[in-house]
Amino acid sequence: MHSSEAAPTVSTTEAEQVLTPSFESHSQLPTICLTGAPNAGKTALMNALTGGSFHTANYPGVTVTLSRGKSKSEFGSQLLLVDLPGVHSTSAVSPEEELSCSVIEGRHDSVQPEALIVAVDATQLERHLRFASFVARQHKPMVIALTMMDLLPRAQQSVNVRKLENAVGVPVVPVDGRTGWGAADLMRALHLELKDAAPRHTSLAVLPDEPVSAYKTIRELLSASGALKNNNQFLLARDSFTARIDRVVLDRYFGFPIFFAILVGLFSSIFWVARPFMDLISWLFSQTGHLLLAVLPAGAFSRFLAEGVVGGVGAVAVFFPQIIILFFLMTLLEDSGYLSRGAALVDRPLAYLGLHGRSFVPMLSGFACAIPAVLAARTIPSKRERLLTIWILPLMSCSARLPVYALLLGALLPGAAWKAGIALGVIYVSSLLIGALVAGLISRLILRKRTASLLAMEMPVYRKPLVKPTLRITWTRSSAYLKRAGTPIIVISSCLWLLSNFGLGSRQPASTEGTRAPLVAASDLDHSFAAGLGQTLEPVLHPMGVDWRVGVGLISAFAAREVFVSTMAIVFHVSESADGQQSGLLDNMRTATFSGTSKRIFTTSSIIGLIVFFFFSLQCLSTVSVVRSETGSWKMAGLQLLFYTGLGYILSSGVVTGLRFLGVA
Amino acid sequence: MSLLDALQNECYQVEDVAGPADERRRLLDLGVTPGEQLAVVQSVPFGDPLVVMIRGMRLALRKREASWISVR
């Protein structure tokens, strides 16, 4: 590491804190790390070697977590393979690169490789061999996996593998991770290197660290040995398949329309294609809840299971179809190579706001869910841009807010679905615009000092994504999301269930043993801890024009935004029928009044106030926990929660007061 | 001359790479080194970033980054 020259964007300790996964199991197997520059075909190779489900992507630096897996047993004695994030530059900039460098240099606490596999793109030998020389300097057993051999004819190049091996002094094995070709040979070479423990003298290891002379030496090495013929990179540039596609998708006039068409397509699939699956899942979970209540002996425990636990799991699972579709389409875009073009297209407008071209991927994901969005921000190299991106992600209208808006707009604009549709469109577009405004204001007013920021982004060649790996990756990422988001949501919703069903001096649900407890025990709610909390908060809620019951909904919505809807159903005594919950709820909300008066709770102004609150306030506590783990401290996560929730409260109160002043009820 | 003034699809040679130390180092690491041939192969709407081909790689560079690279 060139610590003196390294960009001081992220300190080592922080990067490790953020990115160190737990490596508790598999510890008995020898660890082999897979490294390489981004787009070297490393992750496809990982798939081939482990036969497992790993992420493979064509977007620079997309391996967001370390994936690991055991090598397939047909490749000899088993090894633990760990896929390290791609490294462009060893004067590390992004936290991912820093992580990879620390593992390769043996500075990492939990990942200590015994040998390394370096993926080297045959069409970009010079750059990739320079990275291989950084690995070779560590004097650990290593093997070069030569990838992208199938692209050599496109570049009118030819590589002589034997001569290359002699020139670099390290075993070189041509492979194709996508088909598995060469994987067995690679593993054989690796096992031989592991047995032969004597450190090798390689010409790679003696290459200087300084880039200019290192590149010069590599070129001399390649031409003197005859390993590389016809190094004609410009042919690839002008007339290739990739150049033809780029001319269209980066066209001055068509570039943006194509980009927006792709985004619209992506969004419509997230919302329309996922809809029937989401309905099916929520029906399944509500049926499971009913079944549990019917089968288990009546009592607090069965209600806790049916409503708290099954309801909580259902609240997460209902978004699963959207997440799967989002990840599937994103993976297709990444693997095809388009995603980095999209990032290049929007870099200029985003850079103007203090963000980065790569911020667009997290922002896009933010419209589905903030959790994968925060994770996706890892690929942004500069710390300032990464944190600013994470900062505005809660404003992106996540899909958990959709049922809330649907309910509130249904109450605000009864019987006019098209008006509600337009209002929803306005909400979505405004969330993007306000996000842009907040980013621009913060970067101009608060973070005025410009720090190191570099686009310098590789745009990989276009390749046809393969169906099976894409599906595997989609599944890996989606299930990781389910685990990540699901745990806190289930815990929080269980706690909230307990809070809203138990209280001091309440009629304990347990005392109804033997008799059938009603599904919605509203009378208990009136005396519960949650009600107590809501009633304590009532003076605070007054400016928003709502009562404590809505307050309970607002508090429970911190488990997940859509929980607001089910809480409203509980507090406004809606008996659950198979499909009429929403309309029953709307009727009850329309007639609900402040207790002891005939004053309506849900008026035009208070509903608009609630929409404003949900628009700004931070969506859920799971987001807070992910931001904490990604930024390595509670500071930003807590500040974000306070800032957005405070902003939502102030603006909502302001809007309600303003509207009432203007004579809107 | 500056890379910003380079004609599209013409081949140039990198003369010098300037810029702040960290950013300069990263460009050098990426293979943008003096003496190397490069060509601007694609313009993007707004003309920023521009796409150059160097060492067999397409690299999107912001105008700010391209301005540090002098070519002939």
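The values are calculated or read from the model by the stated rules, or taken from the named source; none is laboratory data. These numbers come from a predicted model, not from an experiment. Note that each Cβ is placed from the backbone with ideal geometry, even for glycine, and that neighbours are counted across all protein chains shown.
Taking the listed residues A:Ser583, A:Ser622, A:Ser595, the one that is at pLDDT below 90 and buried (at least 19 other Cβ atoms within 10 Å of the Cβ) is A:Ser622, with no other qualifying. Out of B:Arg72, B:Arg62, B:Arg24, one residue alone is closer than 22 Å to A:Pro460 by Cβ and either out of contact with any Leu (no Cβ under 6 Å at 6 or more places or on another chain) or buried (at least 20 other Cβ atoms within 10 Å of the Cβ) (or both). It is B:Arg62.
Listed here are the residues, each with its yes/no results for (1) at the interface with another protein chain (Cβ under 7 Å from one of its Cβ atoms); (2) under 25 Å from A:Leu152 (Cα atoms); (3) polar (S, T, N, Q).
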| residue | (1), (2), (3) |
| --- | --- |
| B:Leu3 | no, no, no |
| B:Leu7 | no, no, no |
| B:Glu10 | no, yes, no |
| B:Val44 | yes, no, no |
| B:Asp48 | yes, no, no |
| B:Arg62 | yes, no, no |
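Condition test on A:Tyr462, is it within 30 Å of B:Ala66 (Cβ to Cβ), more than 17 Å from the chain's Cα centre (by Cα) and hydroxyl-bearing (Ser, Thr, Tyr)? It is true that A:Tyr462 is within 30 Å of B:Ala66 (Cβ to Cβ), more than 17 Å from the chain's Cα centre (by Cα) and hydroxyl-bearing (Ser, Thr, Tyr). Could you list all residues from the stretch A:417-443 that are over 24 Å from A:Val264 (Cβ atoms) and without any contact (Cβ under 8 Å) to a residue 12 or more places away in the chain? Scanning the stretch A:417-443 gives a single hit, A:Leu441. Just one of the listed residues (A:Gln112, A:Gln156) is over 30 Å from A:Ser629 (Cα atoms) and of a type outside the set (Ser, Thr, Tyr), namely A:Gln156. Report yes if A:Thr645 is buried (at least 16 other Cβ atoms within 10 Å of the Cβ), at pLDDT 90 or above and among the β-branched types (Val, Ile, Thr), otherwise no. It is true that A:Thr645 is buried (at least 16 other Cβ atoms within 10 Å of the Cβ), at pLDDT 90 or above and among the β-branched types (Val, Ile, Thr). The sole residue among A:Asp196, A:Asp150, A:Asp176 that is over 39 Å from the mean Cα position of the chain (by Cα) and under 28 Å from A:Gly51 (Cα atoms) is A:Asp196.
Taking the stated definitions as given, is A:Phe602 assigned to a helix (DSSP H, G or I), modelled with pLDDT of 80 or more and under 18 Å from A:Ser652 (Cα atoms)?
On the way: assigned to a helix (DSSP H, G or I): no; modelled with pLDDT of 80 or more: yes; under 18 Å from A:Ser652 (Cα atoms): yes.
Judged against the criteria, A:Phe602 is not a match.
The listed residues are A:Ser523, A:Ser500, and the only one of them that is at pLDDT 60 or above and either touching a strand residue (DSSP E or B) at 6+ places or on another chain (Cβ under 7 Å) or within 23 Å of A:Val552 (Cβ to Cβ) (or both) turns out to be A:Ser500. Note on the stretch A:347-362: residues that are hydrophobic (A, V, I, L, M, F, W, C) and surrounded by fewer than 24 Cβ atoms within 10 Å (Cβ to Cβ) total 4.
Considering only the stretch A:468-487, how many residues are without any contact (Cβ under 8 Å) to a residue 12 or more places away in the chain and within 18 Å of A:Cys620 (Cβ to Cβ)? Looking only at that region, the number is 2.
Anything in the stretch A:477-497 that is out of contact with any helix residue (DSSP H, G or I) (no Cβ under 7 Å at 6 or more places or on another chain) and modelled with pLDDT of 75 or more? List them, or say none.
Initial filter on the stretch A:477-497 (out of contact with any helix residue (DSSP H, G or I) (no Cβ under 7 Å at 6 or more places or on another chain)): A:479-480, A:483, A:487, A:491, A:495.
The answer is A:Ser479, A:Val491, A:Cys495.
Restricting to the stretch A:533-550, what's the tally of residues that are small (Gly, Ala, Ser) and under 23 Å from A:Ser397 (Cβ atoms)?
Step one: filter the stretch A:533-550 for residues small (Gly, Ala, Ser), giving A:534, A:545.
Within this subset, residues satisfying the condition of being under 23 Å from A:Ser397 (Cβ atoms) are A:545.
Final tally of qualifying residues: 1.
Table: residues versus (1) in contact with a helix residue (DSSP H, G or I) (Cβ under 8 Å, 6 or more places away or on another chain); (2) assigned to a helix (DSSP H, G or I); (3) of a type in the set (Gly, Ala, Ser).
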position: B:Gln13; (1), (2), (3): no, no, no
position: B:Gly19; (1), (2), (3): yes, no, yes
position: B:Arg26; (1), (2), (3): no, yes, no
position: B:Val41; (1), (2), (3): yes, no, no
position: B:Arg58; (1), (2), (3): yes, no, no
position: B:Glu65; (1), (2), (3): yes, yes, no
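Can you pull out the residues in the stretch A:383-407 that are among the basic types (Lys, Arg) and over 16 Å from the mean Cα position of the chain (by Cα)? Talk me through it step by step, then tell me what you get.
Keep residues of the stretch A:383-407 that are among the basic types (Lys, Arg), which gives A:383-384, A:386, A:401.
Within the stretch A:383-407, A:Lys383, A:Arg384, A:Arg401 qualify.
Being without any contact (Cβ under 8 Å) to a residue 12 or more places away in the chain and under 25 Å from A:Ile324 (Cβ atoms): is that true of A:Gly366 here?
Values: without any contact (Cβ under 8 Å) to a residue 12 or more places away in the chain: no; under 25 Å from A:Ile324 (Cβ atoms): yes.
Answer is no for this residue.
Out of all the residues in the stretch B:15-41, which are at the interface with chain A (Cβ under 7 Å from one of its Cβ atoms) and under 12 Å from the mean Cα position of the chain (by Cα)?
Pass one, the stretch B:15-41, residues at the interface with chain A (Cβ under 7 Å from one of its Cβ atoms): B:20-23, B:25-31, B:33-34, B:39, B:41.
Answer for the stretch B:15-41, where residues must be at the interface with chain A (Cβ under 7 Å from one of its Cβ atoms) and under 12 Å from the mean Cα position of the chain (by Cα): B:Leu27, B:Leu28, B:Leu30, B:Gly31, B:Thr33, B:Pro34, B:Ala39, B:Val41.
Elements of the type helices (runs of 4 or more DSSP H) sitting completely within the stretch A:239-330 and holding at least 3 residues that are aliphatic (A, V, I, L, M), within 14 Å of chain B (Cβ to nearest Cβ) and more than 21 Å from A:Val429 (Cα to Cα): these cover A:241-249. Might you check whether a residue that is buried (at least 16 other Cβ atoms within 10 Å of the Cβ) and modelled with pLDDT under 90 occurs anywhere in the stretch B:9-21? Yes, some residue in the stretch B:9-21 is buried (at least 16 other Cβ atoms within 10 Å of the Cβ) and modelled with pLDDT under 90.
Could you grab the pairs with beta carbons closer than 7 Å, sequence gap of 6+ or different chains, first residue in the stretch A:381-402 and more than 18 Å from A:Tyr352 (Cβ to Cβ), second one of a type in the set (Ser, Thr, Tyr) and modelled with pLDDT of 95 or more? Hits for this filter: A:Pro394/A:Tyr644. Only one of the numbered conditions (1) modelled with pLDDT under 90; (2) within 14 Å of chain B (Cβ to nearest Cβ) is violated by A:Ala344, and that is (1).
With a requirement of 2 or more residues that are touching a residue at least 12 places away in the same chain (Cβ under 8 Å), crowded, with 20+ Cβ neighbours inside 10 Å and among the polar types (S, T, N, Q), the helices (runs of 4 or more DSSP H) lying completely within the stretch A:63-168 that satisfy it span A:95-104.
Which ones in the stretch A:465-479 are under 21 Å from the mean Cα position of the chain (by Cα) and part of a loop (DSSP other than H, G, I, E, B)? Quick ask: steps written out before the conclusion?
Restricting attention to the stretch A:465-479, the residues satisfying the condition of being under 21 Å from the mean Cα position of the chain (by Cα) are A:465, A:469-479.
Once the filter is applied, which keeps residues that are under 21 Å from the mean Cα position of the chain (by Cα) and part of a loop (DSSP other than H, G, I, E, B), the stretch A:465-479 yields only A:Pro465.
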